[in-house]
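The values are calculated or read from the model by the stated rules, or taken from the named source; none is laboratory data. Here the structure is a predicted model, which is why all the values come from computation and not from measurement. FYI the Cβ positions are ideal-geometry reconstructions off the backbone, even for glycines, and counts take in every protein chain you see. Just so you know, the surface numbers come from the protein's heavy atoms only, side chains and all, with ligands and any DNA or RNA stripped out. Shrake-Rupley method; radii C 1.70, N 1.55, O 1.52, S 1.80 Å.
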Amino acid sequence: MTQQGAVLQGYNNELVKCIEDLCMQKEELNKQIQQAEEEKNKLQHEIQVLNEQLNCICEDLAQKVASRNELDKILAETEAAYMKILDSSRTLLNVLKKEVGSLKHTTEMKTS
């Protein structure tokens, strides 16, 4: 009977050792899970911060593009108006030259 008790005690010791090994594996796995969850939470926070920054930049960019488009429109209108002024000035200059030429011609005829 003592031999059977010794065999049983050996099985019991081996069983306890297996259970302890499994508990250690579970503990290590729990540590890895906790680290992974912490890393996941950290990354999710960073993603949230980056998304907020991206949204701010996109809004700022949209405002700047709208401002640039408005400036383009104002510049185009101003350049068109300026071209009309140049054309009118050229026309006025031509008319004035003709008038001065006519006056010279008229005064020359009177003095001759």
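Here are some notes:
- Residue in region 20-53 that is farthest from the chain's Cα centre (by Cα), counting only those that are hydrophobic (A, V, I, L, M, F, W, C) and open to solvent by less than 90 Å² (accessible area, probe 1.4 Å): 23
- Residues of region 1-18 satisfying the condition of being β-branched (Val, Ile, Thr) and surrounded by 10 or more Cβ atoms within 10 Å (Cβ to Cβ): 7, 16
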